[in-house]
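The values are calculated or read from the model by the stated rules, or taken from the named source; none is laboratory data. All values reported here derive from a predicted model rather than from experimental measurement. When we count neighbours, we look across all protein chains shown, and the Cβ atoms used for this are built from the backbone with ideal geometry, even at glycine.
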Amino acid sequence: MATGPDGAVVIDPMKQFEIKALGGGTEIGLFTITNSTLWMALTVMAICALLVLGTRGRKVVPTKMQSVAEILYGFIRQMCTDVLGEEGAKFFPAVFTIFMFILFSNLLGLIPTSFTTTSHIAVTGFLAMGVFLSVIVIGIARFGIGWFGMFWVQSAPLALRPILAVIEVISFFVRPLSHSLRLAGNMMAGHAVIKVFAGLTALMIAGGLGPLAVLPVLGMVGITALEILVSCVQAYIFAILTCIYLNDALHQHH
C-alpha cells in the first residue's frame with residue numbers, strides 16, 4: 001500500500017512484485033544485488049539448512065527436521081521412479097533440486113515484506129527452459145535424430161499424420177511457456193489477492209470502520225491458508241511435469 005498526493009491510502013497489489021536494487025538506486029545491472037537475488041539466496045540457504053542440519057547425526061527415531069527432509073526426499077524419489085522407471089533414478093537429483101527450490105521460494109514468499117521469486121516469469125521461464133532443452137538434448141543423445149519421430153504419429157491414418165505432426169510440434173514447443181506461466185501466474189494472483197485484502201483492512205480502519213475490518217482480515221487468513229496449499233501443489237506440478245517431459249526423452253512414443 002501507498003499514499004496518494006492527498007494522503008489517501010492507495011491499494012497497489014502489483015507493487016510487491018517490483019524488482020529493486022538493494023541499498024537504493026534505480027539502476028539494475030547484470031551484477032546488481034536485488035530483492036529477487038536476496039530471496040533466492042535465502043531460499044538456497046533454507047534448503048541447505050533443512051537437508052544438511054536435518055540429516056546430520058541421523059537417528060533411528062528421527063527429529064522433526066529429519067522427518068521432513070526424509071519425507072520430501074522419499075516422496076520425490078518415488079515420483080521419479082513411478083514416472084520414469086528405475087532408469088530415471090539418475091534424474092532424481094535434478095528433479096528434487098527443482099522441486100525444493102520452487103517449494104521453498106513459494107513458501108518463503110508468504111512471509112510479510114518478503115519477495116516471491118517464483119512470481120516472475122524470468123525465474124520460472126529459466127527453470128522451464130532448462131527442462132525443455134534437457135529433454136531435447138537427452139532425447140537426441142539417446143536415440144539420435146530418430147528421436148524426432150515422436151512427432152510422427154504412425155498409428156494414425158497416413159492422411160492425418162502431417163496435420164497431427166504440426167499439432168505435436170506446436171504442443172511440444174509450447175511446453176516451456178505453459179510450464180512457466182502456470183507457476184508464475186498462480187503465485188502472482190494469490191499474492192495480489194492477499195494484498196487487496198490487506199488494503200481493504202487499512203481503508204476500513206482509516207475510514208473509522210474498525211469493527212468491520214475483521215472481515216478482510218478473515219479473508220486474508222483464508223487466502224493465506226489456500227496459498228500455502230497452492231505453493232505445495234504448484235511445486236509438485238512443476239516437478240511431475242518435468243518427469244513426464246523427461247519420459248519423452250527416455251522412451252519414444254509414436
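Structure notes:
- Qualifying residue in the stretch 182-190 (condition: surrounded by 15 or more Cβ atoms within 10 Å (Cβ to Cβ) and in contact with a His (Cβ under 8 Å, 6 or more places away or on another chain)): yes
- For the stretch 147-164, taking the residues that are outside any helix (DSSP H, G or I) and free of Cβ contacts under 8 Å to residues at least 24 places away in the same chain, the one that is farthest from residue 248 (Cα to Cα) is identified as 157.
- Residue in the stretch 11-43 that is surrounded by the most Cβ atoms within 10 Å (Cβ to Cβ), counting only those that are closer than 19 Å to residue 112 by Cα and of a type in the set (Val, Ile, Thr): 43
- Residues (closer than 23 Å to residue 180 by Cβ and of a type outside the set (Val, Ile, Thr)) located in the stretch 125-147: 125, 126, 127, 128, 129, 130, 132, 133, 134, 139
- In the stretch 51-70, the condition of being assigned to a loop (DSSP other than H, G, I, E, B), under 18 Å from the mean Cα position of the chain (by Cα) and either modelled with pLDDT of 80 or more or surrounded by 11 or more Cβ atoms within 10 Å (Cβ to Cβ) (or both) is met by no residue.
- Members of the stretch 71-89 found to be surrounded by 15 or more Cβ atoms within 10 Å (Cβ to Cβ) and either touching a Pro at 6+ places or on another chain (Cβ under 9 Å) or free of Cβ contacts under 8 Å to residues at least 24 places away in the same chain (or both), listed by number: 73, 77, 81
- Within the stretch 97-118, the set of residues being free of Cβ contacts under 8 Å to residues at least 40 places away in the same chain and assigned to a helix (DSSP H, G or I) comprises just one member, 97.
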